[in-house]
Structures are given as C-alpha cells and as structure tokens.
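The values are calculated or read from the model by the stated rules, or taken from the named source; none is laboratory data. Please read these numbers as outputs of a predicted model, since none were measured by experiment. A quick note on method: Cβ atoms are made from the backbone with ideal geometry, for glycine too, and the neighbour counts reach across all protein chains shown. For accessibility, only protein heavy atoms count, side chains too; no ligands or nucleic acids. Shrake-Rupley method; radii C 1.70, N 1.55, O 1.52, S 1.80 Å.
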Amino acid sequence: MSTLKLENMEIGFGSKKLLSINAEIHSGKLTALIGRNGVGKSTLLKTIAGLTPPLSGSVKWNDLALEKLLPSQMATVCSIVFTQRPPVQGLTVYAVLELGRFPHHKKEKNTEKDQTIIAHFAASMQIEHLLERAIETLSDGEMQKVMIARAFIQETPIILLDEPTAFLDYIAKEEVIALLKENAIIEDKIVLFSSHDMGLIEKFAHARLGLG
C-alpha cells in the first residue's frame with residue numbers, strides 16, 4: 001500500500017488562497033473528490049500533479065515530495081485527465097495512446113510490451129474502433145475515453161481525473177468508474193477523481209475527500 005499525503009497544503013492562484021488541506025489518500029481504493037463548484041477541486045488536482053505550485057505545504061507520495069520532481073520524473077509517478085479537450089491535432093488515436101508510454105522509454109519505443117498495454121486498455125475502454133481515427137474528429141465522449149485510456153497506459157502509481165465522466169452517457173459512466181475502481185484495487189493504485197454525481201460515488205467509491 002502507498003499513500004498520497006497532503007501536508008499543511010494551501011492551494012490557490014497568486015495571492016488568492018482557495019483552501020487549506022491535510023489529507024491522506026491510500027492506494028487500492030477509489031477516492032472521490034467532492035465539493036461545490038469553485039471550491040478548488042480542479043486546482044487541487046493540478047497542484048498534486050505539479051501543474052500548479054502549492055502556496056505552502058507539501059504533496060508527498062510515500063516519502064517523496066512531488067513538488068520537487070522534474071516534469072520527466074513526475075510523468076512516471078502521476079497522470080492526470082482533464083474535463084476539457086486537449087489541444088491536440090494531427091495525430092491518430094493510437095499515436096495519442098502511445099504517448100502514454102513515453103515516460104518509460106529512453107531510446108526504444110513501441111515495444112511489444114507497449115503494444116500489449118495499449119491493446120489491453122483500448123479494449124477495456126471500448127475504443128479499438130477509434131485507433132486509426134484522427135484525434136480531432138472524436139466526439140467529447142470518445143475523447144474522454146481515449147484520455148482515460150492514455151492515463152492507464154502511462155502506468156503511474158497515481159491517477160487523477162477531473163470529472164472523468166462529464167461527457168458520457170450513464171451506461172458509459174458506470175463502465176468507466178467501475179474500471180477506475182478495478183484498476184485501483186488490482187494494480188494497487190491511488191485513483192482520485194472529482195465528481196458531482198453522488199449516485200456514482202455511492203455505488204463505486206471506497207472513500208471521499210470533501211472540500212469546502
């Protein structure tokens with residue numbers, strides 16, 4: 001079991017503080033991040049991922065201070081999926097998924113292991129039929145499935161997701177959250193997702209982290 005610790009952490013933008021938090025998030029569990037709009041859920045996820053610096057305090061995975069890692073090091077520890085469409089064009093879906101393997105390579109790429117992992121999560125997310133499509137031609141729901149698959153393919157011990165089911169129909173929402181839960185348990189990952197869907201949270205989440 002591993003633990004993500006938020007220690008005396010203040011988050012915000014510039015001099016504007018949104019919230020202070022102390023929390024522990026454990027691997028092997030699906031944890032839901034809940035709170036009203038504007039309370040700081042997205043900012044917290046970005047801060048954990050190293051995209052926004054904390055105003056104070058520390059983010060630790062076991063004894064490793066994540067805010068001190070280089071981007072290349074962070075990419076092997078933490079992956080993040082946003083609600084917004086990524087500004088990517090000119091690539092196939094397969095090429096976007098393949099980028100999830102990049103942090104694990106120094107020279108050789110598209111190894112047999114890469115191909116196996118990509119095929120596994122493409123099948124899990126039911127996106128095999130999209131692999132040769134241009135990424136910019138996808139619907140919002142298709143894009144969300146692709147980006148969630150890419151996060152799994154990155155094989156990081158921490159996976160963060162900001163409203164991962166926002167553009168999916170209810171059946172697809174349940175499938176995705178069930179996959180997140182299964183991955184958290186089987187692979188002993190820290191999986192933290194924000195959501196306003198209390199029905200999904202009640203049905204699937206092992207734990208909750210409330211803000212505000």
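Key figures for this structure:
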read-out: Hits among aspartates and glutamates - C-alpha to C-alpha of LYS113 under 17 Å, sequence gap 8 or more where chains match; value: GLU98, GLU155, GLU187
read-out: Alpha-carbon centroid distance for the pair the range 1-77 / the range 115-148, whole angstrom; value: 28 Å
read-out: Peptide ranges 133-141, 113-121 listed from the most packed, as the mean C-beta count within 10 angstrom indicates; value: 113-121, 133-141
read-out: Among beta bridges that DSSP assigns inside the chain, antiparallel share in %, nearest 5; value: 50 percent
read-out: Nearest-ten-degree value, helix 140-153 long axis tilted from longest Cα axis of the chain; value: 80 degrees
read-out: Under 30 Å from LYS41, Cα to Cα: lysines that are on another chain or at least 8 residues apart; value: LYS5, LYS16, LYS17, LYS29, LYS60, LYS68, LYS145, LYS173, LYS181, LYS189, LYS203
read-out: Where the range 27-86 is the region considered: accessible area per residue in Å², 1.4 Å probe; value: 46 Å²
read-out: Hz values of 3J(HN,Hα) by residue in the range 156-165 - Karplus curve (6.51, -1.76, 1.60), Gly and Pro given as x; value: 9, x, 10, 10, 10, 9, 9, 6, x, 10
read-out: Residues whose placed amide H lies under 5 Å from that of LEU209, excluding near-sequence neighbours; value: ALA32, LEU33, ILE34
read-out: Segments 32-42, 147-157, 66-76 sorted - mean Cβ within 10 Å per residue, highest first; value: 147-157, 32-42, 66-76
read-out: The range 1-158 - convex hull of alpha carbons, volume per residue in Å³; value: 138 Å³
read-out: Degrees, to the nearest 10: 170-186 long Cα axis against longest axis of the chain; value: 70 degrees
